[in-house]
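Visitor: Below is the structure I would like to discuss, written out as structure tokens.
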Amino acid sequence: MSQDITLAQFRRWLSLFAEQVQEQVDLLTELDAAIGDADHGANMQRGMRKVQERLQDPTATGGDIGSLFRSIAMTLISTVGGAAGPLFGAFFLRAAKDVDGTDAVSLEQLAAMFRSGLEGVQQRGKAQIEEKTMIDALQPAVEALEAAVAEGLDAAAALDRALEAARRGMLHTAELQASKGRASYLGPRSIGHQDPGATSAFYLIQSAAAALGRQAQAEES
């Protein structure tokens, strides 16, 4: 069952996401300085460092995908300041709801997990697409993943589609006027700046594509 995505791959995904945040912390800070409190980079870095620490101890994150995601969610909620912690936490909490006791999922199940995660973020943040938030990267990625699965594509190709959709959504936020969060206070002055939350969401998808998609297949072959 080569299409199955394993617990080990999910752990790798989270580790790569943490590494990506660490590498891009200055950019995240710069983006948030333009339209926010300039703390998104530091907040995400702090939370993802704690995630890395928990990943070093398998007993701290449980032996199945649901337990792993809930552990990561609570870590992010408790350590990431601002809105990002609860929002990313909501993604992982909702994504965990149908995978208790499971140590591998199909690509179809992965797409359902992403959809549930997106719904969790939308419920928590009360945001929709085109409002200059992380939804603008996350929702197109989820929709692209679902469409790729419906077409019968493999994990590598499907996650590549999701990655490209997330990239386009992230870049599109520079064209939008913010209507949520601190950036909304700037009104039209928020136009021309890429949203830091959408950028972090893009890194989430980028690391998923690397850990669960084409790079993972190359490493296994």
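The values are calculated or read from the model by the stated rules, or taken from the named source; none is laboratory data. Keep in mind that what you see is a predicted model, and the values were worked out from it rather than measured. Counting neighbours? That spans all protein chains shown, and the Cβs are built from the backbone with ideal geometry, glycine included.
Visitor: Taking into account only those residues within segment 120-161 that are in contact (Cβ under 8 Å) with a residue 24 or more places away in the chain and of a type in the set (S, T, N, Q), which is nearest to ILE72 (Cα to Cα)?
Guide: Checking each candidate, the answer is GLN123.
Visitor: Suppose we filter ASP37, ASP26 for residues that are without any contact (Cβ under 8 Å) to a residue 24 or more places away in the chain and surrounded by fewer than 18 Cβ atoms within 10 Å (Cβ to Cβ); which single one remains? Spell out how you get there, then give the answer.
Guide: Values: ASP37 fails: without any contact (Cβ under 8 Å) to a residue 24 or more places away in the chain.
ASP26 is the lone residue from the list that is without any contact (Cβ under 8 Å) to a residue 24 or more places away in the chain and surrounded by fewer than 18 Cβ atoms within 10 Å (Cβ to Cβ).
Visitor: When you scan segment 100-107, do you find a residue that is touching a Gly at 6+ places or on another chain (Cβ under 6 Å) and under 16 Å from PHE17 (Cα atoms), even just one?
Guide: No, segment 100-107 contains no residue that is touching a Gly at 6+ places or on another chain (Cβ under 6 Å) and under 16 Å from PHE17 (Cα atoms).
Visitor: Answer yes or no as to whether GLN20 is touching a Phe, Trp or Tyr at 6+ places or on another chain (Cβ under 8 Å) and of a type in the set (S, T, N, Q). Please lay out each step first, then the result.
Guide: Details: touching a Phe, Trp or Tyr at 6+ places or on another chain (Cβ under 8 Å): yes; of a type in the set (S, T, N, Q): yes.
It is true that GLN20 is touching a Phe, Trp or Tyr at 6+ places or on another chain (Cβ under 8 Å) and of a type in the set (S, T, N, Q).
Visitor: From the set of residues in segment 1-23 that are crowded, with 19+ Cβ neighbours inside 10 Å and of a type in the set (Val, Ile, Thr), which is farthest from GLY187 (Cα to Cα)? Please lay out each step first, then the result.
Guide: Of segment 1-23, the ones crowded, with 19+ Cβ neighbours inside 10 Å are 5, 7, 9-10, 12-14, 16-18, 20-21.
If we keep only those that are of a type in the set (Val, Ile, Thr) as well, we get 5, 21.
Details: ILE5: 43, VAL21: 28 Å.
It comes out as ILE5.
So that you can scan it fast, the table gives a plain yes or no per residue for (1) free of Cβ contacts under 8 Å to residues at least 12 places away in the same chain; (2) crowded, with 17+ Cβ neighbours inside 10 Å; (3) touching a Phe, Trp or Tyr at 6+ places or on another chain (Cβ under 9 Å):
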site: GLY81; (1), (2), (3): no, no, no
site: GLY89; (1), (2), (3): no, yes, no
site: PHE92; (1), (2), (3): no, yes, yes
site: ALA96; (1), (2), (3): no, yes, yes
site: VAL99; (1), (2), (3): no, yes, yes
site: VAL105; (1), (2), (3): no, yes, yes
site: LEU110; (1), (2), (3): no, yes, no
site: ARG115; (1), (2), (3): no, yes, no
site: LEU118; (1), (2), (3): no, yes, yes
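Visitor: If you don't mind, there's one more thing I want to ask. Considering ALA157, ALA166, which residue is buried (at least 23 other Cβ atoms within 10 Å of the Cβ) and either in contact with a strand residue (DSSP E or B) (Cβ under 6 Å, 6 or more places away or on another chain) or modelled with pLDDT of 95 or more (or both)?
Guide: Working: ALA157 fails: buried (at least 23 other Cβ atoms within 10 Å of the Cβ).
Exactly one of ALA157, ALA166 is buried (at least 23 other Cβ atoms within 10 Å of the Cβ) and either in contact with a strand residue (DSSP E or B) (Cβ under 6 Å, 6 or more places away or on another chain) or modelled with pLDDT of 95 or more (or both), namely ALA166.
Visitor: Could you please find all residues in segment 117-136 being under 17 Å from GLY85 (Cα atoms) and in a helix (DSSP H, G or I)?
Guide: To start, the set of residues in segment 117-136 that are under 17 Å from GLY85 (Cα atoms) comprises 117-127, 133-135.
Hits for segment 117-136 are GLY117, LEU118, GLU119, GLY120, VAL121, GLN122, GLN123, ARG124, GLY125, ILE135.
Visitor: Something else about it: Please state which one of SER200, SER106, SER184, SER116 is over 13 Å from the mean Cα position of the chain (by Cα) and closer than 28 Å to GLY36 by Cβ.
Guide: Working: SER200 fails: over 13 Å from the mean Cα position of the chain (by Cα); SER106 fails: closer than 28 Å to GLY36 by Cβ; SER116 fails: over 13 Å from the mean Cα position of the chain (by Cα).
So the residue among SER200, SER106, SER184, SER116 that is over 13 Å from the mean Cα position of the chain (by Cα) and closer than 28 Å to GLY36 by Cβ is SER184.
Visitor: Of the conditions (1) over 16 Å from the mean Cα position of the chain (by Cα); (2) modelled with pLDDT of 95 or more, SER71 clears all except one; give me its number.
Guide: (1)
Visitor: Looking only at segment 120-142, filter to residues that are surrounded by fewer than 22 Cβ atoms within 10 Å (Cβ to Cβ) and among the polar types (S, T, N, Q); which one of those is farthest from ASP32 (Cα to Cα)?
Guide: GLN123
Visitor: Quick one: which residue in SER179, SER184 is outside any helix (DSSP H, G or I), modelled with pLDDT under 95 and of a type in the set (S, T, N, Q)? Reasoning before the result, please.
Guide: Numbers: SER184 fails: outside any helix (DSSP H, G or I).
Only one candidate qualifies: SER179.
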